[in-house]
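One structure coming up, written as structure tokens, with questions to follow.
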Amino acid sequence: MAGRVTIAQVAEEAGVSAMTVSNVVNGKPGASEETRRRVMEVAGRLGYRPNVSARNLKAGRSGLIGLIALDLTSQYGLEILRGVADELASVEQELLVNASYHDAVREKDRIEFLARGLVDGVLMIAPVLEDETVRLLRRQNLPCVIIDPRRLDVPLPRLSVDNYHGMRQGAQHLIDLGHTRIAYLRGEEDLESTSIRFQGFEDAMRLAGLKVDEQLVASCDFSYASGFRAASRLITDHRPTAIVAGADLMALGAIDAARACGLTVPADFSVVGFDDLPQAAQSFPGLTTVRQPLHDMGQKAARALLSLIEGQRLLMDHMEVGTHLVVRNSTAPPSHDGRAPGV
């Protein structure tokens with residue numbers, strides 16, 4: 001078909017009104033599933049493409065979504081970003097990406113910049129989100145969804161994972177294997193998720209009749225290096241048979257620390273992480289970990305933001321997604337005497 005295919009041409013071919021075609025291609029309700037299927041089939045066959053610029057101009061929108069990530073180097077943030085990008089591409093929205101690098105002033109400056117009509121809404125991944133930045137977002141009436149907030153009581157729509165039950169699963173896996181001397185690597189203390197995950201670990205131990213030894217608990221900063229250092233010290237000084245880490249990068253550091261101490265994973269020492277980053281499946285041995293559905297989190301947050309931009313109310317301000325344990329090859333029953341070999 002020569003020239004640009006119009007809504008009228010799709011409507012005539014599909015045997016429906018132009019308004020019905022417009023509603024279907026723009027994702028609006030009202031048409032039956034059969035009508036939607038027929039319209040989309042005809043639109044695809046004729047090569048119809050909505051005029052996104054005209055649509056946004058008519059609605060008084062930019063067609064851009066802002067995203068402020070904690071940084072652009074961590075696989076954690078990039079997996080969430082990939083989910084956001086996939087969801088927005090499906091509705092022909094463009095993404096403008098910024099990074100705060102954990103800097104509260106930079107984060108607020110980015111919000112002020114984006115709120116000048118540049119974007120229709122903003123997504124924020126694990127932001128610092130000081131009170132003044134929250135007030136700015138609300139004052140500007142800029143639709144916003146927070147992904148993995150540092151505190152759960154932030155007065156904005158937010159999405160998090162079930163940190164508590166996820167970590168209980170991870171700890172219970174080691175308990176079921178027969179481990180009793182289990183060390184724990186905490187994450188950054190200014191994140192509420194750090195405390196929630198540790199509570200899940202503590203409760204799993206307590207319900208199994210095991211005491212959490214404070215000497216086997218160390219604070220880290222979610223990095224590989226901090227996991228390596230803390231695990232090396234714990235293995236050398238206190239000889240646990242297993243470690244649960246509050247993040248995969250720390251867990252991967254713990255695996256290498258065990259090797260550096262002369263231990264074999266998992267024959268001599270077991271490790272459980274939390275995240276299921278791509279590196280977890282690619283490491284040797286593969287890391288047993290609690291999976292956060294990072295890609296799905298990005299998609300769900302993007303859908304929620306698009307609803308807010310359309311003027312719809314969310315069913316709940318705090319959305320939570322589930323986690324589940326992925327068992328790979330970094331965990332096994334403890335050695336016959338229940339303790340790691342001397343190092």
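Considering each residue of the range 138-154, count those that are of a type in the set (A, V, I, L, M, F, W, C) and buried (at least 22 other Cβ atoms within 10 Å of the Cβ), and give that number.
Restricting attention to the range 138-154, the residues satisfying the condition of being of a type in the set (A, V, I, L, M, F, W, C) are 142, 144-147, 152, 154.
Then drop every residue that is not buried (at least 22 other Cβ atoms within 10 Å of the Cβ), which leaves 144-147.
Final tally of qualifying residues: 4.
Now for a separate question. So His179 clears everything in (1) open to solvent by 10 Å² or more (accessible area, probe 1.4 Å); (2) outside any helix (DSSP H, G or I) except one condition, right? Which one?
For His179, the failing item is (1).
Oh, and also: State all residues of the range 60-73 that are open to solvent by less than 30 Å² (accessible area, probe 1.4 Å) and either of a type in the set (S, T, N, Q) or at pLDDT below 90 (or both); if no residue qualifies, say none. Reasoning before the result, please.
Pass one, the range 60-73, residues open to solvent by less than 30 Å² (accessible area, probe 1.4 Å): 63, 65-71.
Passing the criteria: Gly63, Leu70, Asp71.
Pick out the one residue from Gly262, Gly286, Gly311 that is at pLDDT below 95 and small (Gly, Ala, Ser). First the steps, then the outcome.
On the way: Gly262 fails: at pLDDT below 95; Gly286 fails: at pLDDT below 95.
On inspection, the qualifying residue turns out to be Gly311.
Let me ask another. Considering only the range 23-42, state which residues are assigned to a helix (DSSP H, G or I) and in contact with a Lys or Arg (Cβ under 8 Å, 6 or more places away or on another chain).
Taking the range 23-42 as the starting set, the residues that turn out to be assigned to a helix (DSSP H, G or I) are 23-25, 33-42.
Listed by number, the list holds a single entry, Val24.
Moving to a separate point now. Test Arg116 against the stated conditions and say whether it is part of a loop (DSSP other than H, G, I, E, B) and in contact with an Asp or Glu (Cβ under 6 Å, 6 or more places away or on another chain).
Working: part of a loop (DSSP other than H, G, I, E, B): yes; in contact with an Asp or Glu (Cβ under 6 Å, 6 or more places away or on another chain): no.
So Arg116 fails the test.
Follow-up question, since we're still on this one. Go through the range 159-176 and give me each residue that's touching a Ser or Thr at 6+ places or on another chain (Cβ under 9 Å), open to solvent by less than 60 Å² (accessible area, probe 1.4 Å) and within 29 Å of Met124 (Cα to Cα). Give the derivation first.
As a first pass, look at the range 159-176 and keep what is touching a Ser or Thr at 6+ places or on another chain (Cβ under 9 Å): 160-163, 165-167, 169-170, 173-174.
Going one step further and asking which of them are open to solvent by less than 60 Å² (accessible area, probe 1.4 Å), we end up with 160-163, 166-167, 170, 173-174.
Those that are touching a Ser or Thr at 6+ places or on another chain (Cβ under 9 Å), open to solvent by less than 60 Å² (accessible area, probe 1.4 Å) and within 29 Å of Met124 (Cα to Cα): Ser160, Val161, Asp162, Asn163, Gly166, Met167, Gly170.
I'm told Glu214 meets every condition in (1) buried (at least 16 other Cβ atoms within 10 Å of the Cβ); (2) within 30 Å of His102 (Cβ to Cβ) except one. Can you identify the failing condition by its number?
(1)
Here's the yes/no breakdown for (1) polar (S, T, N, Q); (2) touching a helix residue (DSSP H, G or I) at 6+ places or on another chain (Cβ under 8 Å); (3) over 25 Å from Met297 (Cβ atoms):
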site	(1), (2), (3)
Pro157	no, yes, no
Asp162	no, no, no
Gly187	no, yes, no
Ser193	yes, yes, no
Gln199	yes, yes, no
Arg206	no, no, yes
Ser223	yes, yes, no
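Let me ask something else. For the range 253-283, which positions are more than 20 Å from Gln75 (Cβ to Cβ), open to solvent by 40 Å² or more (accessible area, probe 1.4 Å) and part of a helix (DSSP H, G or I)?
Listed by number, the residues that qualify are Arg259, Ala260.
Additional query: Of (1) in contact (Cβ under 8 Å) with a residue 60 or more places away in the chain; (2) touching a Ser or Thr at 6+ places or on another chain (Cβ under 9 Å), Gly262 satisfies all except one. Which?
Going through the list (1) in contact (Cβ under 8 Å) with a residue 60 or more places away in the chain; (2) touching a Ser or Thr at 6+ places or on another chain (Cβ under 9 Å), Gly262 breaks only (2).
Give the range 183-242 a look and list any residue that's basic (Lys, Arg) and assigned to a strand (DSSP E or B), or say none. Walk me through it before giving the result.
Within the range 183-242, the first condition is being basic (Lys, Arg), and the residues that meet it are 186, 197, 206, 211, 229, 233, 239.
Answer for the range 183-242, where residues must be basic (Lys, Arg) and assigned to a strand (DSSP E or B): just Arg186.
Follow-up. Restricting to the range 224-241, give me the number of residues that are within 20 Å of Gln279 (Cβ to Cβ), touching a residue at least 40 places away in the same chain (Cβ under 8 Å) and of a type in the set (A, V, I, L, M, F, W, C).
Result for the range 224-241: 2.
Need pairs with beta-carbon distance below 6 Å; first residue surrounded by fewer than 20 Cβ atoms within 10 Å (Cβ to Cβ) and modelled with pLDDT of 95 or more and within the range 186-204, second assigned to a loop (DSSP other than H, G, I, E, B) and among the β-branched types (Val, Ile, Thr); sequence gap 6+ or separate chains.
Glu202/Val212
OK, next. Within the range 146-161, does at least one residue satisfy the condition of being among the polar types (S, T, N, Q), under 30 Å from Val244 (Cα atoms) and modelled with pLDDT of 95 or more? Don't jump to the end; show me each part of the working.
Our first condition is that a residue be among the polar types (S, T, N, Q); within the range 146-161, this holds for 160.
Within this subset, residues satisfying the condition of being under 30 Å from Val244 (Cα atoms) are 160.
Checking which are modelled with pLDDT of 95 or more leaves us with 160.
Yes: one or more hits.
Only one of these conditions is not met by Glu132: (1) touching a residue at least 40 places away in the same chain (Cβ under 8 Å); (2) open to solvent by 50 Å² or more (accessible area, probe 1.4 Å); (3) over 22 Å from the mean Cα position of the chain (by Cα). Which number is it?
Unmet for Glu132, out of (1) touching a residue at least 40 places away in the same chain (Cβ under 8 Å); (2) open to solvent by 50 Å² or more (accessible area, probe 1.4 Å); (3) over 22 Å from the mean Cα position of the chain (by Cα): (1).
To continue, here is another question. Count, please, the residues in the range 284-315 that happen to be in contact (Cβ under 8 Å) with a residue 40 or more places away in the chain, surrounded by fewer than 24 Cβ atoms within 10 Å (Cβ to Cβ) and in a loop (DSSP other than H, G, I, E, B).
Total satisfying the criteria: 4.
From Arg233, Arg291, which residue is of a type outside the set (Val, Ile, Thr), modelled with pLDDT of 95 or more and over 20 Å from the mean Cα position of the chain (by Cα)? Break it down into steps so the answer makes sense when it comes.
Working: Arg291 fails: over 20 Å from the mean Cα position of the chain (by Cα).
Among Arg233, Arg291, only Arg233 is of a type outside the set (Val, Ile, Thr), modelled with pLDDT of 95 or more and over 20 Å from the mean Cα position of the chain (by Cα).
The values are calculated or read from the model by the stated rules, or taken from the named source; none is laboratory data. Bear in mind that the values here come from a model prediction, so they are computed numbers and not experimental data. Neighbour counts run over all protein chains shown; Cβ positions are idealised from the backbone, glycine included. What goes into the accessible areas is simple: the full protein's heavy atoms, side chains included, and nothing from ligands, DNA or RNA. Shrake-Rupley method; radii C 1.70, N 1.55, O 1.52, S 1.80 Å.
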